[in-house]
Amino acid sequence: MMCTHSPACPDSSATDCCRAHMVADHSEQGWCQLCNGVILFDDGLYLAPDGHYEPVPLSA
Ligand SMILES: [Zn+2]
């Protein structure tokens, strides 16, 4: 999973990682994938590429 955007999107380990561009929209299933490998769920959680869940920062 490589980000090709310019300027580059936040890394998956960054606090603002949920601001990366969406590359796969599965919102009808309740999730979408960002270009940094983060899976964003519509229940307020995201799944990092290393397999752990985090709440989406409200300030994102
Ligand atoms: Zn990107």
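Annotation note: Cβ proximity below 7 Å between a residue of segment 12-32 that is under 15 Å from Asp43 (Cα atoms) and a residue that is within 16 Å of the ligand (Cβ to nearest atom) and of a type in the set (Val, Ile, Thr) (sequence gap 6+ or interchain) occurs for Cys18/Val38; Trp31/Ile39.
With the requirement that a residue be among the aliphatic types (A, V, I, L, M), away from the ligand (no atom under 15 Å from the Cβ) and under 11 Å from the mean Cα position of the chain (by Cα), what does segment 13-60 give you? Once the filter is applied, which keeps residues that are among the aliphatic types (A, V, I, L, M), away from the ligand (no atom under 15 Å from the Cβ) and under 11 Å from the mean Cα position of the chain (by Cα), segment 13-60 yields Leu45, Leu47, Ala48, Val56.
Residues that are surrounded by 13 or more Cβ atoms within 10 Å (Cβ to Cβ), more than 9 Å from the ligand (Cβ to nearest atom) and not small (Gly, Ala, Ser) within segment 1-12 comprise just one, Asp11.
Every number here is computed from the coordinates shown, using simple stated rules; none is lab data. What you see is a predicted model; the values in this text were computed from it and never measured. Methodologically, a virtual Cβ is constructed for each residue, glycine included, from the backbone with ideal geometry; neighbour enumeration extends over all protein chains shown.
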